[in-house]
Amino acid sequence: MEMNLSDPVMAALIGASATMLGALIQLRLSWRKELKERERGQPITKKTRRGPVIFVFALMIAAAVGGFALSEYFMSLRNGDRDTIRAELQSKLSEISASAARLERARLAGREQLESGVLRAEALRRGEEGIAASALVGPCKSQGAAAPGRPACSEQSAVQVAVCARVPASAIVREVLLFTRFEDAQQTWADSQVKPGQDAGGARFVEKSFERPDGDVAKQVCQGFVNWNGEKARLARIVVKFTL
């Protein structure tokens with residue numbers, strides 16, 4: 001077993017060991033000397049009697065110092081074990097935190113991927129069905145008195161409006177369906193479909209649609225519409241079908 005002792009503990013152990021060894025040797029020599037004197041019948045003096053006692057006291061002191069040094073050593077071992085356990089716990093906590101962070105990132109990535117897939121599927125469904133937009137265009141107002149036999153408004157003098165549907169910026173337009181009817185008409189939208197440029201009775205959609213940006217994630221698909229009817233308002237409706 002590897003022993004990592006501090007300098008004070010090492011000095012105390014060496015001193016205690018040397019003291020105990022010296023005391024044991026002196027005690028053994030004193031006892032042998034006393035036994036020889038008793039065999040020869042010589043009287044035992046006080047100095048001779050005090051010798052073993054002094055060595056016993058020295059032995060006790062050395063034992064106390066050695067016990068203190070050993071207790072310090074065991075304490076250092078416990079502290080070392082505690083530091084090792086603390087370091088291992090910190091390492092485990094770091095690993096757990098890193099694993100939790102990886103799981104959280106994976107969960108967020110999976111959630112974002114799922115949400116992105118759902119949004120894309122919804123956008124594709126809306127593209128197949130088409131996004132509709134409509135506008136109410138009032139009757140044409142003549143700016144001056146009409147000449148006898150001439151209509152109050154003409155296609156050239158009427159104001160052109162744009163009917164726009166908002167689609168994703170990445171959308172590729174496949175088809176733009178056009179519908180128009182009078183405001184108070186009872187006919188369905190399916191019966192009101194017209195083609196680009198077709199005269200719908202004093203109103204028409206222009207030939208070509210156009211696009212314009214609408215922020216970073218969307219754009220507008222627009223179709224121009226002209227109503228030169230001076231009596232009734234018209235509803236203009238477009239349905240934009242697209243793919244991504």
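Couplings for region 178-189, taken from phi via the Karplus curve 6.51 cos²θ - 1.76 cosθ + 1.60 with θ = phi - 60°, read 10, 9, 8, 7, 5, 4, 9, 6, 9, 6, 7, 5 Hz in order; Gly and Pro are left as x.
Between Ala218 and Ala169, the built amide H atoms are under 5 Å apart, and every one of these is 5 or more places off in sequence or on another chain. Summary of packing: across the peptides 185-195, 228-238, 124-134, 84-94, the per-residue average of other C-beta atoms within 10 Å ranks them, highest first, as 228-238, 124-134, 185-195, 84-94. Computed 3J(HN,Hα) for region 87-99, one whole-Hz value per residue from the Karplus formula 6.51 cos²θ - 1.76 cosθ + 1.60 where θ = phi - 60°, is 5, 5, 5, 4, 5, 5, 4, 4, 5, 5, 4, 5, 5, glycine and proline marked x.
Each reported figure results from applying straightforward, stated rules to the coordinates on display, with no laboratory input. The structure displayed is predicted, hence computed values, not measured ones. FYI the Cβ positions are ideal-geometry reconstructions off the backbone, even for glycines, and counts take in every protein chain you see.
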